[in-house]
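In what follows, a structure is listed as structure tokens, so that the remarks can point back to it.
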Amino acid sequence: MADLSTEELVEQYRLRRPKYESLCEELRFSLTQRMNEAGIKWHSITARPKELKSFLEKVERKDYADPFAETEDLAGARIVCLFMPDLDRTGQVLSSMFEILDKEDKVNEGDVSAFGYMSHHYICKLSGRYSGERYDAIKGLKFEIQVRTILMDAWANMSHYLSYKNEESVPKDLVKDYHALSALLYVGDRQFEALYKASSRSAAVAEERVLRSAEIREREVNADTIHALLEKVFPERRPGSASAVSDFTSELVEMGYTDLAAIEKILMANLEKVIQMEARRIIEVGEEKRVSSFTRVGAARMAFDSHDSEFRRYRTERSSSKVRKVRAVREK
């Protein structure tokens, strides 16, 4: 172990911890901002200093001569992505933000039969772009960033609580199950990746056959084709959320509207009624009164409400049912 006594290590750790807390706060802020700017969807971004107990155990296990210089993860951040291609995209973001001192790819470069979780690990320091008094106390500190998918993160957390740190520590009758579960999650990640790519292709086809085509060359009603159709009919309106498009698609299909060309005709025939209904949606903003515009989905729903009273009744009942279910869950 280091020349310092345990008591001295503890005292030094406590003196240095505020700097690492400041570094972690900066990492959370910067990573969130840059990931959003890059358009990479993420599940969670966390950062925190290494706990004292974990630090002391590592110093003893590694027999560090200079613990605070050799411990490279006294500050650590973790980015949990949705899909495997996001791992490399996130790595590109990190390279543009920080000075990368070391990288370990435990997904593609590790032993295929290796026990444990998979992720990308980066050892970094703040780069020259972080200048000014705000960064003076933290810009020389090393930190670790782990990048993994949701399924990789699930495996890491579950295996941690099962207390088996390596394959040698696992009871022999459980080794096969451990390998099988690890492989299953890896296959799951690959399948999610394939599904994501297929979804992207579906959206591209819908755009070509619906949005970019003078006449609709697609009949199937799904979230991708409805999204493209709404952009075609209501190009100037706010798009609304993907979940809103999905809900509206379900409403259409459940009410028997399963022909995209027929849906387009109904929307076009009721455009003037939508504008008239919208004109009555007056809100006050300070001392001004403004019209509250419909989103694309909102305008489409108003068009169908005007066209079909049964659709309006069904949609109202469906919405009320959802509210009742949410209330029931909250009251439990």
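The values are calculated or read from the model by the stated rules, or taken from the named source; none is laboratory data. Keep in mind that this is a model prediction, so the values were computed, not measured. Note that each Cβ is placed from the backbone with ideal geometry, even for glycine, and that neighbours are counted across all protein chains shown. Each accessible area value is taken on the protein alone, full model and side chains, heavy atoms only, with ligands, DNA and RNA left out. Shrake-Rupley method; radii C 1.70, N 1.55, O 1.52, S 1.80 Å.
General remarks:
- Spatially proximal lysines relative to LYS172 (Cα-Cα < 19 Å; intrachain offsets below 8 disregarded): none
- Given charges at beta-carbon only (K, R positive; D, E negative), |dipole| of segment 220-284 in Debye: 280 debye
- On the basis of the beta-carbon distance and an R0 of 51 Å, SER202 and ASP136 show a calculated FRET efficiency of 0.50.
- The chain - percent relative contact order, Cα under 8 Å, separation 6 or more: 11 percent
- Helix 85-97 and the long axis of the chain differ in direction by around 60°, with both axes built from C-alpha atoms.
- Amide H within-cut-off set for HIS43, under 5 Å, with H built and near neighbours excluded: VAL80, CYS81, LEU82
- Listed residue (HIS120, MET97, SER321) projecting farthest to the positive dipole end of the chain, Cβ model: SER321
- Remark: segment 1-114 carries a charge dipole of roughly 600 debye about the Cα centre, counting +1 on each Lys and Arg Cβ and -1 on each Asp and Glu Cβ.
- Placing a pseudo-label 7 Å from each Cα along the Cα-to-Cβ vector at SER250 and ASP102 gives an inter-label distance of 4.9 nm.
- All alpha carbon pair distances within segment 1-57 were sorted into 5 Å bins beginning at 0; the resulting P(r) in whole percents reads 4, 17, 20, 16, 13, 11, 9, 7, 4, 1.
- For ALA262 and LEU184, the difference between the fully extended length at 0.36 nm per residue and the C-alpha to C-alpha distance is 23.7 nm.
- Comparing HIS179, PHE143, ALA203 along the charge dipole axis of segment 122-223, the residue lying farthest to the positive side is PHE143, per the Cβ-charge model.
- Sequence of LEU184, LEU101, LEU9 from largest to smallest accessible area, 1.4 Å probe: LEU184, LEU101, LEU9
- Each 20 Å bin from 0 upward holds the following percent of the Cα-Cα pairs of the chain: 22, 40, 30, 8, 0.
- Accessible-area rank, largest first, for THR258, THR6, THR32: THR258, THR6, THR32, with all protein chains present and a 1.4 angstrom probe.
- Cα-based convex hull, segment 1-109, per residue volume (Å³, whole number): 112 Å³
- Within a straight-line Cα-Cα reach of under 20 Å, LYS41 can be paired with the following lysines, leaving aside sequence neighbours fewer than 8 residues apart in one chain: LYS197.
- Residue of THR149, THR90, THR71 that the Gaussian network model of the chain assigns the largest fluctuation, springs spanning Cα pairs under 10 Å: THR71
- Segment 116-266: radius of gyration and largest Cα-Cα distance (Dmax), Å: 24.5, 67
- Nearest-10 value in Å² for the accessible area of GLU21, using the 1.4 Å probe: 80 Å²
- Full-extension gain in nm, GLU8 to TYR314, via 0.36 nm per residue minus C-alpha separation: 103.1 nm
- Calculated mean residue ellipticity at 222 nm for the chain: -18500 deg cm²/dmol, from DSSP H runs with n ≥ 4 weighted as -39500 (n - 2.57), summed, divided by the residue count and rounded to 500.
- For SER293, the solvent-accessible surface computed with a 1.4 Å probe is close to 60 Å², ligands and nucleic acids excluded.
- The C-alpha atoms of the chain define a longest principal axis, and helix 52-62 lies at about 60 degrees to it.
- Taking the Cα atoms of segment 247-303, the ratio Rg/Rh between the radius of gyration and the Kirkwood radius comes to 1.11.
- Paramagnetic reach from SER243 (point 7 Å along Cα→Cβ, amide N under 12 Å) across segment 77-92: none
- LEU74 accessible area, 1.4 Å probe, all protein chains in place, Å² to nearest 10: 0 Å²
- By accessible area with a 1.4 Å probe, ligands and nucleic acids excluded, highest first: order of HIS179, HIS307: HIS307, HIS179
- Cα-based helix-to-principal-axis angle, 150-161 vs the chain, degrees rounded to 10: 40 degrees
- Cβ-Cβ FRET estimate between GLU60 and ARG129, R0 fixed at 22 Å, reported to 0.05: 0.05
- At q = 0.11, 0.13, 0.16, 0.17 Å⁻¹ the log10 of I(q)/I(0) for segment 186-321 amounts to -0.46, -0.62, -0.86, -0.95, computed by Debye summation with a single uniform scatterer per C-alpha, solvent ignored.
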